[in-house]
Amino acid sequence: MTAATQTQVPTLALTLGDVAGIGPEITARTLLDHDELRAICRPVVVGDADALRRAVTEVLGRDAGVVRVIDRPADATNDPAAIEVVQDGPSLGHVPYGELSPDAGDGAARFVMRACSLARAGEVDGIVTAPLNKAAMHAGGHNWPGHTELLAHEFGVDNFSLVLSAGELYFFHLTTHVSLRDAITGVNAERTDNVLRLVGSFAGALGIPDEAIGVAGLNPHAGENRLFGDEDADVLEPAVQRARAAGINAVGPLPADALVPQAVNGKWRFVVVCYHDQGHAPFKAVYGDDGVNITVGLPVVRVSVDHGTAFDIAGTGVAREASLVLAARRAAELAPGWNQVWETARSAADR
């Protein structure tokens, strides 16, 4: 029995992220100032109670008593006047704001691992992540490129994609947290085939299996008939043809500088980009706090804010929680039907 079956709304694990950043502040604001979320989900923080209490008292100017430690998600009351926390590990209340801390980095990774453990046990129906700092995580002994790869490892999946989403627009990524040199190598036939199957399965699970999928070229002008590189002709074009032969409505490769504006203007709902900044830079420029990060290919829904730890403003009281609120809302919307997304993606991966 899942947590949602018991409560009628999905139970979401909200990981606190790096406590030296804005994670505690935006988590506190999300849970204390947005009562409407309680009607669609039961949010439970996985993190550190002392770091939350510090944010509540020093940054928000409220009573520390609103932070309540619980043993397991099933104990949560979903009281809109409370922040209910599953404590993981020792207190991190000593970590200063705005400074890279191995303790905070270790905690941020542990919070995610604990949330994954709760999801595997059926105690939560989805995971919502506040931002972590990759350098701090590495300093804390967890050498993952980012959240997405850590989550994939914890769930034992190989075919997954970081997906930026705003409204009904989804940007899938062939590569993410690697150097540009490694990204070029990473755009290979196997990875492209896998992601196109993943997009096709996701579209099918959303009930739009015939929706066109725009594939961005790696090189300027999608290579312009090999004038600017061979990867588009040798890797992406054959992958698109294989996808079409398998019934996936992939189109491309198309010049990214044309494809992305067309997607923003509504021509495409699904876009595949080749590397991190090809997707992230224009997406964040257009959507800002209106965008979230979804990991497709996991057995449970995971949605994240689409911003970083913001060390420069941590503890100052000016951080905005809009992206975290949106992430929780999207996770609550997707969680009830996520098993179909997972089963479809898993069957696609087995082809």
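Note down the relative contact order for region 183-319 as a percent, whole number, built from C-alpha pairs under 8 angstrom at least six residues apart. Walk me through the numbers on the way to the answer.
Values: 173 pairs, mean separation 31.9, N = 137.
So the answer I get is 23 percent.
With n ≥ 4 as the cut-off for DSSP H runs, can you work out [θ] at 222 nm for the chain, using -39500 (n - 2.57) per run divided by the number of residues, rounded to the nearest 500?
Details: 13 runs with 135 residues, N = 351.
Calculated at 222 nm, the ellipticity per residue is -11500 deg cm²/dmol.
Under the √(5λ) rule applied to the eigenvalues of the Cα gyration tensor, what semi-axes describe the equivalent ellipsoid of region 51-104? Give them in Å, descending.
Numbers: eigenvalues 97, 50, 10 Å².
With the √(5λ) rule applied to region 51-104, the semi-axes are 22, 16, 7 Å.
What length, rounded to one decimal in nm, is gained on full extension from ALA258 through to ALA285, with 0.36 nm per residue of separation minus their alpha-carbon distance? Spell out each step's value before the answer.
On the way: separation 27, 0.36 × 27 = 9.72 nm, distance 1.59 nm.
Using 0.36 nm per residue and subtracting the Cα-Cα distance, I get 8.1 nm.
Mind checking the dipole of the chain: about its Cα centre, +1 per Lys or Arg Cβ, -1 per Asp or Glu Cβ, Debye to the nearest 20?
On the way: 27 positive and 44 negative charges, 88 e Å.
It works out to roughly 420 debye.
Cα atoms only: what Rg and Dmax, in Å, come out for the chain?
Every Cα atom of the chain included, Rg and Dmax give 20.2, 65 Å.
Just to be sure I understand the model, the point goes 7 Å from the Cα along the line to the Cβ. What's the resulting ARG244 to ALA189 distance in nm?
My value for the distance between the label points is 1.8 nm.
Rounded, prolate or oblate: which fits region 142-248, taking a ≥ b ≥ c as square roots of the Cα gyration tensor eigenvalues, rounded meaning a/c under 1.5, else prolate when a/b beats b/c?
On the way: a/c = 1.81, a/b = 1.12, b/c = 1.62.
Cα axes put region 142-248 in the oblate bin.
To the nearest 0.05, how large is the calculated FRET efficiency for ASP33 and GLU99 if R₀ is 22 Å and r is the Cβ-Cβ distance?
Computed FRET efficiency for ASP33 and GLU99 comes out at 0.25.
Given a cut-off of under 8 Å on Cα pairs at least six residues apart, what relative contact order in percent is computed for region 1-150? Write down the numbers at each step before the final one.
Numbers: 304 pairs, mean separation 49.3, N = 150.
33 percent.
What full-extension length gain, to one decimal in nm, is calculated for ASN265 and SER117 as 0.36 nm per residue of separation minus the Cα-Cα distance? Intermediate results must be reported in sequence, preceding the final value.
Working: separation 148, 0.36 × 148 = 53.28 nm, distance 3.98 nm.
Between ASN265 and SER117, full extension yields an extra 49.3 nm.
How many Å³ per residue does the convex hull of the Cα positions in region 2-96 occupy? Please report the intermediate quantities before stating the final value.
On the way: hull volume 8.0 nm³, N = 95.
Expressed per residue, the convex hull around the Cα atoms of region 2-96 is 84 Å³.
With a Förster radius of 56 Å, plug the Cβ-Cβ distance of PHE228 and THR77 into 1/(1 + (r/R0)^6) and report the FRET value to the nearest 0.05. Before the final figure, lay out the partial values.
On the way: r = 59 Å, r/R0 = 1.05.
Once rounded, the FRET efficiency stands at 0.40.
When all C-alpha to C-alpha distances in region 84-162 are sorted into bins of 5 Å, what percent of pairs does each bin hold, rounded to whole numbers?
In order of increasing distance, the bins hold 3, 15, 24, 25, 19, 10, 4, 1 percent.
Can you tell which of PRO299, GLY317, HIS280 lies farthest toward the positive end of the dipole of the chain, using +1 and -1 charges on the Cβ of basic and acidic side chains (Lys, Arg; Asp, Glu)?
It is PRO299.
Say R0 is 45 Å: what FRET efficiency, to the nearest 0.05, do ASP210 and HIS138 get from their beta-carbon distance?
Values: r = 43 Å, r/R0 = 0.95.
So the FRET efficiency works out to roughly 0.55.
Rank by packing, highest mean first: peptides 213-222, 157-166, with packing defined as the count of other Cβ atoms within 10 Å averaged across residues.
Details: 213-222: 23.3, 157-166: 20.5.
Per-residue Cβ counts within 10 Å, averaged per peptide and sorted highest first, yield 213-222, 157-166.
Only the coordinates and a few stated rules stand behind these numbers; no lab work does. None of the values given here were measured: they were computed from a predicted structure. A quick note on method: Cβ atoms are made from the backbone with ideal geometry, for glycine too, and the neighbour counts reach across all protein chains shown.
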